[in-house]
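Trainee: Pasting a structure below so you can have a look.
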Amino acid sequence: MLHIESTNNNNSIFFRKKAGVRRMVKHNLKIDMTPMVDLSFLLISFFVITTELSKPIAMDLIMPKEGIPMKVQESNALTVLVGDNNSIYFYEGTWEEAIQNNMISKTQYAGANDLRTIISAKQNKLAMTTALKGGKDGLVLIIKPGKGASYKNVVDILDEVTINQVKKYVMVNQSAEEKEWLKNQ
């Protein structure tokens, strides 16, 4: 409430304010959002890129149909036997010829004479032979995992298939003779 008092001296008017809390003057607040927008775009782009890079990649596995076995040209065939305890054996051609000529060899996933080198050598051999149809792409890799083969071993072989760009590969069961031979090794 305001009181008006008059004095005798100058007839001037004085205003008195009521005692209490002084009101705060509110100013218009202006915030620069540019740094916040920059930071948000950086975070969005970071998360978009990392989710794109971390997507799982699946590999197609084509299994043969049940029925009459398909004939494979013996000179194009490379068979990989996966046994227990990370043992890998390979042979070219048919099982009968490989047993007869003692051409079944042991290999490993890494080292001097690893599976990648063997597949690559077979592809180069087929590429050099012009009489064979398909050349390098004519290779047919037959993968035969045993009952004791681990999932990791089979995936490692499929990785080698992808690395060597093998166009034709198949995964089949081992024959009784192959199982018996692997037991004796």
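Trainee: If R₀ is 41 angstrom, what is the calculated FRET efficiency for the pair Lys168 and Ala112, using the beta carbon separation as r and rounding to 0.05?
Mentor: Efficiency for this residue pair is about 0.95.
Trainee: What's the Kirkwood radius of the stretch 95-177 in Å, using all Cα pairs?
Mentor: Mean inverse Cα-Cα distance, inverted, gives 14.1 Å.
Trainee: Listed here are the pairs Lys71/Lys122; Lys71/Lys152; Lys71/Lys125; Lys55/Lys152; which of them are more than 24 Å apart at the Cα?
Mentor: Lys71/Lys152
Trainee: Separate question: When Lys and Arg each count +1 and Asp and Glu each count -1, what net charge do the other residues less than 14 Å away from Ile88, Cβ to Cβ, add up to?
Mentor: Working: positive: Lys106, Arg116, Lys144, Lys152; negative: Asp84, Asp114, Asp156, Asp159, Glu160, Glu178.
Charge balance near Ile88 sits at -2.
Trainee: Relative to the present Cα-Cα distance, how much length would full extension add between Asp84 and Tyr151 at 0.36 nm per residue of separation?
Mentor: 23.0 nm
Trainee: Follow-up question, since we're still on this one. If we count other beta carbons within 10 Å of each Cβ, what is the order of Lys183, Lys144, Lys168, fewest first?
Mentor: Fewest-to-most ranking of Lys183, Lys144, Lys168: Lys183, Lys168, Lys144.
Trainee: What full-extension length gain, to one decimal in nm, is calculated for Ile99 and Lys30 as 0.36 nm per residue of separation minus the Cα-Cα distance?
Mentor: 16.2 nm
We did not get these values from a lab; they are worked out from the coordinates using the rules stated. As the structure is a prediction and not an experimental result, all values here were calculated from the model. Glycine gets a Cβ as well: all are built from the backbone with ideal geometry, and neighbour counts include every protein chain shown.
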